[in-house]
Structures are given as structure tokens and as C-alpha cells.
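**Student:** Quick one: the structure is below, and I'll ask about it shortly.
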Amino acid sequence: MRVKIAAALALMACGLVGTAQDTKDGKYVSKDGGYTVRFPAGAEPKTKTQDAPGGLKMVMTIAEADKKSHVAMYMALPPGTLKAVPAKAILDGAANGALSKSGGKEVSQKDFTHGVEKHPARELVVDKDGMIVRTHVIVADPRVYVLVVGGPGDYANSKEAKAFLKSFELTPAKKSKVVED
């Protein structure tokens, strides 16, 4: 049975539409999202925008191949959110929500910082019926980014899965957009 990682952790059923915005040197480039990420070879990324609670929009890019899923998504927060709500509260809510909705068992959870800007981030590892799912949540005002990788067995701990997570970078266009907002 093929499990769609995005549906389990993003709390959505994903009918995918669209294709990747652009690629450069093998990396997927999200101009609107302000990031790049390297999806594995042979996994065609597809993008979908979906309404999220509070009138927000979540943009998801998913690449699936050989029962392995790689997901990069982001959501823009309303202006001033991080002044009113600490990043830790956003990370707690995202991790707790993903864990409870996935129906899986928490393997580990740890905070870290992402990139040279040292954005607050959290890694959550979940075991769902013998399949390991690794999720990174990154708070980079005015957006929250979520990366999810999983597949059969222990795939989320593989070199390929870790390379996907490590390849995620915020782009300079995103940083300049923050200044304008």
C-alpha cells in the first residue's frame, strides 16, 4: 500500500496539479517561496496550493518515486505573527499537530538552527507502521517551511533522504522580499 507522506503530515489529501516552477543545476527553484531544494533524480516535482486555516495558503511541492516521498512546503504568516507568537510555539504546534494527525509514534524530536541566518527549526522523526518519516520545520519570518521525507522502512534515514533535507536553502530573493513586506 502506497502511503502519501504529505497527506499524513500536512493533514491534507493531495490531488497534485502543476509542475515544478524552475530548475537550476538540478535544484528545484521556488521563486515565490524563496527557496531551492534538490529532489532526487527520477522524482518529478509537482506543486499544489491549498487553503489552510485562518485564510492562509499552503504551497506544497511533492516528488514521489518508488514509494518514496519528498515534500517541500511553505506558508506565509500574517504580518507581525512572530512578534506576537514565539517561534518555539509555532514549532511546538507544527510538531505536535504532525505527530497527532499522522497516527505514528514519535521516534525523536530536536531543535536546531537552519542556515547562516540561524532560523529556528525542529526535526521530528515518526514511525508510522514501520515506515520512518523525517520532518523539518523552519521558521523564517514571514514564512514557515516544512520538509518531509519518507518511504519504505528506514528510507528517511538514508543518505538520499538526508541529502534532500540538507539541500534546502533560502534564496536571496526571499530575504529581500522580507525587507519589503
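The values are calculated or read from the model by the stated rules, or taken from the named source; none is laboratory data. If you're wondering where the values come from, they're calculated on a predicted model, not measured in any experiment. In this analysis, Cβ positions are derived from the backbone assuming ideal geometry, glycine residues included, and neighbour counts consider all displayed protein chains.
**Student:** In the range 12-41, what residues are of a type in the set (Val, Ile, Thr) and at pLDDT 90 or above?
**Tutor:** 29, 36, 37
**Student:** What number of residues in the range 127-144 are buried (at least 19 other Cβ atoms within 10 Å of the Cβ) and without any contact (Cβ under 8 Å) to a residue 40 or more places away in the chain?
**Tutor:** Summing the residues that are buried (at least 19 other Cβ atoms within 10 Å of the Cβ) and without any contact (Cβ under 8 Å) to a residue 40 or more places away in the chain in the range 127-144 gives 5.
**Student:** Another question about this same structure. Tell me which residues, restricted to the range 130-156, are more than 16 Å from the chain's Cα centre (by Cα) and of a type outside the set (Phe, Trp, Tyr).
**Tutor:** Passing the criteria: 130, 131, 152, 153, 154.
**Student:** Right, next: Within the set of pairs 6+ apart or on separate chains, which have a first residue in the range 100-119 that is more than 18 Å from residue 131 (Cβ to Cβ), a second that is modelled with pLDDT of 90 or more and assigned to a loop (DSSP other than H, G, I, E, B), and C-beta atoms under 9 Å apart?
**Tutor:** Sorted first by the residue in the range 100-119, then by its partner, the pairs are 114/168; 115/168.
**Student:** Let me ask something else. Might you let me know whether the range 113-123 holds any residue that is within 19 Å of residue 54 (Cβ to Cβ), at pLDDT 95 or above and among the aliphatic types (A, V, I, L, M)?
**Tutor:** no
**Student:** Moving to a separate point now. Going by the structure shown, is residue 155 touching a Phe, Trp or Tyr at 6+ places or on another chain (Cβ under 6 Å) and within 24 Å of residue 41 (Cα to Cα)?
**Tutor:** no
**Student:** Output the residues belonging to the range 98-123 that are on the phi < 0 side of the Ramachandran plot and outside any strand (DSSP E or B).
**Tutor:** 98, 99, 100, 101, 102, 104, 116, 117
**Student:** How many of the residues in the range 124-181 are modelled with pLDDT of 95 or more and part of a loop (DSSP other than H, G, I, E, B)?
**Tutor:** 3
**Student:** Now a separate question. Would you mind finding the one in 118, 27, 110, 31 that is over 25 Å from residue 151 (Cα atoms) and in contact with an Asp or Glu (Cβ under 9 Å, 6 or more places away or on another chain)?
**Tutor:** 31
**Student:** Considering the range 33-74 alone, what residues qualify as being closer than 24 Å to residue 141 by Cβ, hydrophobic (A, V, I, L, M, F, W, C) and surrounded by 21 or more Cβ atoms within 10 Å (Cβ to Cβ)?
**Tutor:** 37, 60, 71, 72, 73
**Student:** Which ones in the range 112-122 are more than 17 Å from residue 157 (Cβ to Cβ) and surrounded by fewer than 14 Cβ atoms within 10 Å (Cβ to Cβ)?
**Tutor:** Selection gives 113, 115, 116, 117, 118.
**Student:** Which condition from (1) farther than 16 Å from residue 124 by Cα; (2) surrounded by 17 or more Cβ atoms within 10 Å (Cβ to Cβ); (3) among the hydrophobic types (A, V, I, L, M, F, W, C) is the one that residue 84 breaks?
**Tutor:** Unmet condition: (2).
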